[in-house]
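Notes to accompany the following structure.
The values are calculated or read from the model by the stated rules, or taken from the named source; none is laboratory data. Here the structure is a predicted model, which is why all the values come from computation and not from measurement. With ideal geometry, Cβ positions are generated from the backbone for all residues, glycine too; neighbour counts draw on all protein chains shown. SASA here: full protein model, heavy atoms, side chains in, ligands and nucleic acids out. Shrake-Rupley method; radii C 1.70, N 1.55, O 1.52, S 1.80 Å.
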Amino acid sequence: MRFQKMKIGVLILLSWAATVSTDVECGTVTGLLSVCSTFISYGSPDPLPGSPCCNAMISLRLIAESGDNRRSVCRCFMGLIAAYNPLGTAVATLPGLCGINLGFVVYPNTDCTSFH
């Protein structure tokens, strides 16, 4: 229980720190998504709401609330899709599987410059 509270506190702190900044580094995004590595690498098991992977997606949604951060998170997602090609589809499906709206739709050719 204590570890769970600490984990939630760290996620809140990371989300706040990234929201305060004007640009998100891809290391932040890939670090959060590292808990999704099994799904990204093998396509299964699907992450479920409440899982560490979906909790990381919630943190990314909080980070992506501003337009600048949303563009940065989008660019990082596009980079991950390219890096994990042909498994990039797994990266693109993460928000939907977790029921998270990042403020943009993740497609391999999403234009990350068009967000406000």
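Put a dot 7 Å past the Cα of Ser34, heading toward its Cβ, do the same for Cys112, and the two dots end up 2.0 nm apart.
For the stretch 50-93, the fraction of 1.4 Å probe accessible surface lying on carbon and sulfur atoms is 56 percent. Solvent exposure of the stretch 35-96 amounts to 45 Å² per residue of accessible area, where only protein heavy atoms count and the probe is 1.4 Å.
Label-to-label distance, Tyr84 versus Asp46, with points set 7 angstrom from Cα along the beta-carbon direction: 1.6 nm.
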